[in-house]
Amino acid sequence: MISVDEALAYILKHFKPLEPETVPLLEALDRVLTEDIVSDINVPPFNNSAMDGYAVRANDVVNASKERPITLRVIGEVAAGYTAQQSVEPGTAMRIMTGAPLPPGADAVVRFEETSEGTQPKGMRDRAAVQILKAVKPGDNVRNAGEDIRLGEVVFPKGTVIRPAEIGVLASLGKQFVSVHRRPRVAILATGDELVAVDEPIAPGKIRNSNEYTNAAAVLKAGGIPIRLGIARDNITDLTAKIRAGLDADADLFLTSAGVSVGDYDIVKDVLNAEGEMHFWQVRMKPGKPLAFGVLHGKKDVPLLGLPGNPVSAMISFEVFARRAILTMLGKTKFDRPTVRAVLTEDVQNDSQRRNFIRVYVERRAEGYVARSTGEQGSGILTSVARANGLLVVPENVTEVHAGEMVDIQLLDMPEW
Ligand code: AMP
Ligand code: MG
């Protein structure tokens, strides 16, 4: 048996970030930049008002207060989207709206609330003059050109993961298209004579093909493009045909499920070996002991991960190996799930001498996080994953974790809490 870390290191050597492609801005969400983004403008592009108020020369109003207001002549008004036609000379002010460019001559803005306009009923405003009730310093209530982003600055280096905030910044720079690593295409093939498709009735001895769906959903979550090849029967002709169909579909990664453990008819092993170079491993993990990995020879070489057939094992193996491979192809360099530290509410045994991935439910209580197992942990109990929002990873050499101990829980895809 090889260790999880050995298997992972070997597998990840076969993956690298995929080529760049240029995509419309929104399609870059959750993807990784392949170019440095350099700003060709200042953001904001000009000094502008942070408030609705009056643009003034701070020097004119250094002594202004409620008790001793200073009166300025109002020379006009500037709204967002327009520029002032006059400059603010000593003794004058210009009405200004949030986002409007600061008129020449002005160096600060006094908020309406701190002028006579703020105290007068609407419609009664004196249009010719305003009383300033508070002193301002140069720069007060002004947003300076380039205070967010400077012309020529590297705003995002290549390798940056694009989230909504990055999308917004890129939009403000006028980037309609950006260059990101393309998404990996992941071929998904279920194998087994016992499988029926989701829309078929169950017949004696048959079960539904759930692995195709969990795998496809997990591929989507990780950022890949699933290519669903359906079910291959346990015979050489059908398996070979479906494997070749996946290679013809330009897959970057091939995922199969089942047929890689010891008790099988070995047809999957024979076909995979005929189509490429494969390793059939027993990995020191629970669930997910059987795992195949190798490279298929199509038009190009395509790495194949042969996941176990048991639905829970397939999911955990995906989580540990396939997910990281997909993230690597997307150009991501961080793979670890966020963790929380929680109190375990029950004893957990691990006599397997394998790394044990216990499905748990974490809850936030007043006293902190608590985690409990989601019950029966058999590798066929897919609802044990469905009920879980986290994984407790018990190391190979730890035989028991006791109730009351603090443990790290890896958070899985989960709804907000
Ligand atoms: P195997 O790896 O072929 O020995 O399969 C292990 C277990 O996983 C068996 O109980 C299979 O019936 C089950 N299994 C295999 N493929 C799937 C699948 N696509 N969906 C759900 N269960 C499966
Ligand atoms: Mg089988």
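Which order results if ARG125, ARG341 are arranged by neighbouring Cβ count within 10 Å, fewest first?
Details: ARG125 15, ARG341 12.
Fewest-to-most Cβ neighbours within 10 Å comes out as ARG341, ARG125.
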| request: May I ask you to sort ILE149, ILE41 by Cβ crowding, counting other Cβ atoms within 10 Å and putting the fewest first? | output: ILE41, ILE149
| Once both labels are modelled 7 Å past Cα along the beta-carbon direction, what's the GLU367-TYR10 spacing in nm? | 4.6
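Quick one: of the DSSP bridges fully inside segment 269-417, what percent are antiparallel, nearest 5?
Working: 34 of 39 bridges.
Antiparallel bridges: around 85 percent, rounded to the nearest 5.
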| field | Whole-Hz couplings from phi, Karplus 6.51/-1.76/1.60, listed for segment 302-315; x for Gly and Pro | value | 10, x, 10, 10, x, 7, x, x, 4, x, 6, 4, 4, 5
| said: Straight-line reach only, C-alpha to C-alpha below 28 angstrom: list the lysines that LYS66 could link to, leaving out same-chain residues fewer than 8 apart. | reply: LYS122, LYS134, LYS137
| remark: Restricting to lysines and to Cα separations under 28 Å from LYS334, and discarding same-chain partners fewer than 8 apart, the set is LYS13, LYS16, LYS158, LYS175, LYS221, LYS286, LYS289, LYS300
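Share of antiparallel DSSP beta bridges in the chain, in percent to the nearest 5? Before the final figure, lay out the partial values.
On the way: 59 of 86 bridges.
Percentage antiparallel, nearest 5: 70.
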| Amide H to amide H, which residues 5 or more places from ILE96 or on other chains are under 5 Å from it, using H placed in the peptide plane? | GLY53, TYR54, ALA55, VAL78
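Quick one: grab the alpha carbon gyration tensor of segment 356-415, order the square roots of its eigenvalues as a ≥ b ≥ c, and give me rounded if a/c is under 1.5, else prolate or oblate depending on whether a/b is larger than b/c. The partial results should precede the final answer.
Values: a/c = 1.83, a/b = 1.06, b/c = 1.73.
Oblate, because a/c is 1.5 or more while a/b does not exceed b/c.
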| With the chain treated as a Gaussian network of Cα nodes joined by springs under 10 Å, which of ILE381, ILE75, ILE11 yields the largest mean-square fluctuation? | ILE75
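If I stretch the segment between VAL343 and ALA197 completely, what's the gain in nm (0.36 nm per residue apart, minus their alpha carbon distance), one decimal? Mind showing how you got there, number by number?
Values: separation 146, 0.36 × 146 = 52.56 nm, distance 4.12 nm.
Taking 0.36 nm per residue and subtracting the Cα distance, the gain is 48.4 nm.
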| said: Which of ALA258, ALA128, ALA190 ends up with the largest GNM mean-square fluctuation for the chain, with Cα atoms connected below 10 Å? | reply: ALA128
| Once label points are set 7 Å from the Cα along Cα→Cβ at both THR237 and MET414, what is their separation, rounded to one decimal in nm? | 5.0
| query | Which far-off residues, 5 or more places away or on another chain, put their amide H under 5 Å from the one on PHE156, with H placed in the peptide plane? | reply | ILE37
| query | Hey, what did segment 243-294 get for relative contact order, percent, Cα under 8 Å, at least 6 apart? | reply | 25
| Just ASN48, ASN215, ASN356 to compare: in a GNM of the chain, with alpha carbon springs under 10 Å, which one fluctuates most? | ASN48
| Expressed as a whole number of Å, what is the distance separating the alpha-carbon centroids of segment 1-65 and segment 293-321? | 34
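No lab work stands behind these numbers, since they all come straight from the coordinates. Just so it is clear, the model here is predicted, and its values are computed rather than measured. Methodologically, a virtual Cβ is constructed for each residue, glycine included, from the backbone with ideal geometry; neighbour enumeration extends over all protein chains shown.
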